[in-house]
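Engineer: First the structure, which I've put down as structure tokens, then a few questions once you've had a look.
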Amino acid sequence: MHIRRFLPLAAGMLAVAGCSDLTVPDYQNPPLDDLLVNPTVSTVLQAATGVLQGSRQDADTYVRFAGIVGREGYFLDPNESRYVTRVFNGNAQASNFTGSSYWTTPYRNIRTANILMAALDNPAVDLPAADEEAIRGFAKTIQALDYMQILNTREKIPVRVNSPLDSITTPPPIAERAEAMAFISALLDDGRTHLAAAGPTFPFPTPSGLNNFGFNTPAQFIRFNRALKARIEVYRARVANDSTAFVAARYQDALTAIGQSFINEDITTGDPMTDRTRLNFGVYQTYSSGSGDVANTLNDPSGKTVADSTLVTRAQSNGALKDARVRYKTERASGSLVGSLGSDLRFTIYSYRPFYGPGGQSSPIPMIRNEELILLRAEARWFTGNKAGALADINNIRQNSGGLAAIAEPANDFAFINALLYERRYSLLFEGGHSWADYRRFGMLAKLRALGTQRTGSNVAAWFPLPANETLPRS
């Protein structure tokens, strides 16, 4: 079997059927051969924590690449022009730089989770049934997150293979987008079922990204699972990538999931420039500069990582003050330039204004936050007929996150979409590729290009291509 060529081959087969606060073994590289052939309780528990740590490995890469396409920020390295010529210009190719971007690492992690779950069936792994259920539910939830982020960068992806781990001879089929989304949704439901059958605690240590806001037990982790379920159902509602076509039933499913998540609409904290705790309540990937750990490279003292300068000029104002989100998350600094693309705007959310914690290279990256849940609910409410509720959610975010005045009810669906996209762009800035995904699912990539810095010959790519090593064996 050629793992490097067919990395997703093992990734989808058993599905649906490191951090600074832990002094632990090497969770980044759990012993997979031992786990598959000779598993023990110790290697299983090590791999369980490793699944979460594996999902963070390229999370900063995902934010950076998707943020560039989404005209949120840029990486202006004079020694690596492809961030401009390939990613910003929309000239993505199937080569390693863009074709393999955010592909190998998440699929490797999905495979690790599959091997972990297979190991639980080995008689040598004598864990209580409730602990096994906790591990399965945890692993499938993280797999769903990995799949979701891969799918945010590609039109279609491999997700399902019905062969056993030791008999792979051909690459798995490529799932169409609707099938892949349905698979992710079912994977989350399966994960919830396992978590509901788990005991009161996880049998392995959890990092601060779960501990900080209390998602470190199976019961509380279900709320995270349901938050991800809400996100994928909202995405499924717009699978046609069109501003007019949508599936109301998927929006209703999203509302159900949101009600089971950790949403909290009470986000009134006074000044959004000084207290965003309730907005930032959520689940995070964690980092540090400690020996053997992984640092968050979005913290970039070199000045190569910049914000799109139009974020300030296009931000709405309340009197003389610009939107608090752009004032909080960015600041002016010395400019960077690669070719004709440049900016003097820097992000602060990965330096001295992190979502929580000390900041710097230890700055966490959100997996999903309360602020996003409120905006997901606004969208789902509007397109299921609850326009008053949708408007209340939009204005809740505008006033308590942006420091802006409330708006009147939009005149029609298109006006609402534009209002929603503005709020999502500034609320979720440079934390998960949201602008790219959002403008694409509403069929508005041309508008996204017009929002950002203009450069002759640039375009917004709809997707990254599948890696050449994935497509060639299938041709």
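Engineer: If residue 248 passes every condition in (1) more than 25 Å from residue 379 (Cα to Cα); (2) surrounded by fewer than 21 Cβ atoms within 10 Å (Cβ to Cβ) but one, which one does it miss?
Structural biologist: Residue 248 satisfies every listed condition except (1).
Engineer: So, one more: Hey, which of the helices (runs of 4 or more DSSP H) in the range 75-183, taking only ones fully inside, have at least 2 residues that are modelled with pLDDT of 90 or more and buried (at least 22 other Cβ atoms within 10 Å of the Cβ)?
Structural biologist: Values: elements: 96-99, 104-119, 129-153.
In the range 75-183, the matching helices (runs of 4 or more DSSP H) lie at 104-119, 129-153.
Engineer: Would a scan of the range 319-326 turn up a residue that is among the hydrophobic types (A, V, I, L, M, F, W, C), crowded, with 17+ Cβ neighbours inside 10 Å and within 18 Å of the chain's Cα centre (by Cα)? Lay out the reasoning, then the answer.
Structural biologist: Of the range 319-326, the ones among the hydrophobic types (A, V, I, L, M, F, W, C) are 320-321, 324, 326.
The next check asks that each one be crowded, with 17+ Cβ neighbours inside 10 Å; those that pass are 324, 326.
Filter once more, keeping what is within 18 Å of the chain's Cα centre (by Cα): none.
For the range 319-326, residues among the hydrophobic types (A, V, I, L, M, F, W, C), crowded, with 17+ Cβ neighbours inside 10 Å and within 18 Å of the chain's Cα centre (by Cα): absent.
Engineer: Right, something else. Does the range 414-423 contain any residue that is assigned to a loop (DSSP other than H, G, I, E, B) and not acidic (Asp, Glu)? I'd like the intermediate steps shown before the answer.
Structural biologist: Step one: list which residues in the range 414-423 are assigned to a loop (DSSP other than H, G, I, E, B), which gives none.
No.
Engineer: Step by step: first the residues of the range 439-464, then only those that are among the hydroxyl-bearing types (Ser, Thr, Tyr) and part of a loop (DSSP other than H, G, I, E, B), then the one that is farthest from residue 238 (Cα to Cα). Which residue is that? Break it down stepwise before answering.
Structural biologist: So in the range 439-464, the residues among the hydroxyl-bearing types (Ser, Thr, Tyr) come out as 439, 453, 456, 458.
Adding the requirement that they be part of a loop (DSSP other than H, G, I, E, B) leaves 453, 456, 458.
On the way: 453: 27, 456: 31, 458: 26 Å.
Restricting to residues being among the hydroxyl-bearing types (Ser, Thr, Tyr) and part of a loop (DSSP other than H, G, I, E, B), the top hit is 456.
Engineer: Which pairs have Cβ atoms under 6 Å, sit 6 or more apart or on different chains, and link a residue in the range 451-463 that is closer than 21 Å to residue 313 by Cβ to one that is exposed (fewer than 15 other Cβ atoms within 10 Å of the Cβ) and of a type in the set (S, T, N, Q)?
Structural biologist: Listed by first residue and then by second, the contacts come to 455/340.
Engineer: Check every one of the helices (runs of 4 or more DSSP H) wholly within the range 280-391 and list those with 1 or more residues that are among the basic types (Lys, Arg).
Structural biologist: Working: elements: 310-313, 324-329, 370-382.
Here the list reads 324-329, 370-382.
Engineer: Looking at (1) within 22 Å of residue 224 (Cα to Cα); (2) at pLDDT below 90; (3) among the acidic types (Asp, Glu), which is the only condition residue 33 fails?
Structural biologist: Among (1) within 22 Å of residue 224 (Cα to Cα); (2) at pLDDT below 90; (3) among the acidic types (Asp, Glu), residue 33 violates only (1).
The values are calculated or read from the model by the stated rules, or taken from the named source; none is laboratory data. Not measured: the values here are computed from a predicted model. For neighbour counting, all protein chains shown are included, and Cβ atoms are generated from backbone atoms with ideal geometry for every residue, glycine included.
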